[in-house]
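> Below you'll find the structure I mean.
Rule-based calculations on the coordinates, nothing more; no lab input. Treat the numbers as computed from the prediction; the structure is a model and nothing was measured. Positions of Cβ are backbone-derived with ideal geometry, glycine not excepted, and every protein chain shown enters the neighbour counts.
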Amino acid sequence: MQITSIIAIYFLFWVMSAFVLLPFGVQTSDEAGIAKVPGQADSAPANFQPWKVVRRATVLAAILCGLYVANYINGWVTVDDINIFGTPPGFEEAAS
C-alpha cells in the first residue's frame, strides 16, 4: 500500500471520527445552568470546544487507520470472510 493511499484513508477516518465524536461531551445552556442569549436555539451547545473534538478525532482516526493498514498487510479479515450470501449463481462461468 502506498503512503498516499494511507494518508487518504487516514483523512477519511478522521472526518468520519470527527462527525461521530461531535455530540459527545457537549452540554446545552439548560444542562450547564447558563442563561441563554435571546434567539439562541434550545439545542445549541453552551461551551463548544472544537480543539477537543480535533484531538479526539485525531487519536481515534490514527487507531482505526492503523488497524486498517495492519489488516491490509496481515489479511485478518478478507472479502471471503464477510461474504454472507456466498458466490452468486453463474459467477464462475462469467469470470472464465
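> In terms of modelled amide H atoms, which long-range or inter-chain residues lie less than 5 Å from the amide H of Thr28?
Ala46
> Now, a different point. Using only Cα atoms, find the angle between the long axis of helix 3-21 and the longest principal axis of the chain, and express it within 0 to 90 degrees, rounded to the nearest 10.
Orientation of helix 3-21: about 40 degrees from the principal axis.
> Same structure, new question: Can you give the net charge of the other residues whose Cβ lies under 12 Å from the Cβ of Ser17, counting K and R as +1 and D and E as -1?
+2
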